[in-house]
Amino acid sequence: QLVLAKPGLSEPDRANAMVAGVQLAIATFDPFAGINPEAERFVRDIDLMSDAVLPQKIRAHSQLLGRYEYADIDEGLRDHAHKLLALAQRALATNALGGTTARPGVPSTSAAYPAMASAYSSLARAQGDFLHADSALMILDEADRVFGTAFPDGHRWLDGQREMYRLVGARATSVEGKWWINASDGSALMPGDAKVTVIQFTAHWCVPCKHSYPGMLAMSKHFAGKPVESVLETYLYGYIGKRMGLTPEQEVAADRDYYTGEYGLPFKIAINPMPTRGDTTTKDTERRYAVGGIPQIVVVDRKGIIRATVVGWDMGNERRLTALIDRILTEK
């Protein structure tokens, strides 16, 4: 505010100060509280400026979109993804952002494309959050058409997300664990088996995951006595909290205290060593479920078919997933 109060500031200087204001507003606001009013105000003020500050507009929307992505605030996520896409398209048309740095075998391309890819990814995620995997895939297909041969990195950027949504309608694969909490070590759980299975890929360090546990627990209580089972899957990370350099046995014990003690989760929890880069022999459950972000929640029906996969835990997940499972339970 002190910078903005200075007389005679140029439009770019004012825009830069507002971008800094967005950063500060993001840093001082609980991301899980919903829409950030102070950051939104700065972004609206930047949007009122001319397109001479188009790079600052894109930076401001990208920053706020990233925060809403982190906390899975769908309302803000959709709004800023749409606005970012429109801004990036204008930047592409006017070359307002210049080009990316060329790499061996990869020529320079417009720097507007990464912003477009981010926007398309967020729009697809918002559709996926509302259990519309087909619509998410249509958005990703549109991105492919727009990128064409001009932005090959964009196709690779969105491939993992596309793979995840394509799993909806496919047969689920087993969840293996070298160690298990609430099940036998070395066992495997096959989703389906006449039960609805809710799988969450999670980690003890993941803050959005922690926000999902009360909702996951509430769903399990809602379906108590019905053929619905929840299971978590995670890796060993060598630490938990401030305890570093843990052996696998120590970390498994700490995970048990964390998930069942601190959060009161009664679910079966599969724990596996972290796969090494290039390892194609390990049965990696996360790879088979195309996990690209956590928490990722997968709903499998009683016949073993994946019916939904969502990333993050927004305020409507519990309601939407509960309604989906209720419908599945009525199916013959």
At most 15 other Cβ within 10 Å, DSSP loop - GluC sites (Glu not before Pro), the range 231-332: 331
Per residue solvent-accessible surface (Å²) - the range 202-271, probe of 1.4 Å: 45 Å²
Nonlocal Lys pairs with alpha-carbon distance under 29 Å, the range 209-332 (8 or more apart, or different chains): 17
Per-q log10 I(q)/I(0), the range 79-187, q = 0.15, 0.20 Å⁻¹ (Debye; single scatterer per alpha-carbon; no solvent): -0.71, -1.00
Cα gyration tensor category, rounded, prolate or oblate, for the range 1-136 with a/c compared to 1.5: oblate
Fully extended contour minus Cα-Cα distance, from residue 326 to residue 27, at 0.36 nm per residue: 103.7 nm
Length added when fully stretched, residue 171-residue 277, from 0.36 nm per residue minus Cα-Cα: 35.5 nm
Loop-located chymotrypsin sites (Phe, Trp or Tyr not before Pro) in the range 211-252, at most 16 other Cβ atoms within 10 Å (DSSP): 237, 239
Calculated FRET value between residue 319 and residue 9, using beta carbons and R₀ = 56 Å, to 0.05: 0.75
More than 27 Å apart - percent of Cα-Cα pairs taken over the chain: 52 percent
Relative contact order of the chain, defined on C-alpha pairs under 8 angstrom at six or more residues apart (%): 17 percent
Separation between Cα centres of the range 16-38 and the range 137-202, rounded to whole Å: 32 Å
Taking only Cα atoms of the range 193-319, radius of gyration then Dmax in Å: 14.8, 43
Net lengthening on full extension, residue 150/residue 108 (0.36 nm per residue, minus Cα-Cα): 14.2 nm
Carbon plus sulfur fraction of accessible area for the range 234-332, probe 1.4 Å, in percent: 55 percent
For residue 228, residues with placed amide H under 5 Å, excluding near neighbours: 196
Of all accessible heavy-atom area on the range 104-164, the percent that carbon and sulfur account for (1.4 Å): 58 percent
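The values are calculated or read from the model by the stated rules, or taken from the named source; none is laboratory data. As the structure is a computational prediction, the values presented were derived from the model and not from experiment. Positions of Cβ are backbone-derived with ideal geometry, glycine not excepted, and every protein chain shown enters the neighbour counts. Please note that ligands, DNA and RNA were not included when accessible areas were found on the heavy atoms of the full protein model with its side chains. Shrake-Rupley method; radii C 1.70, N 1.55, O 1.52, S 1.80 Å.
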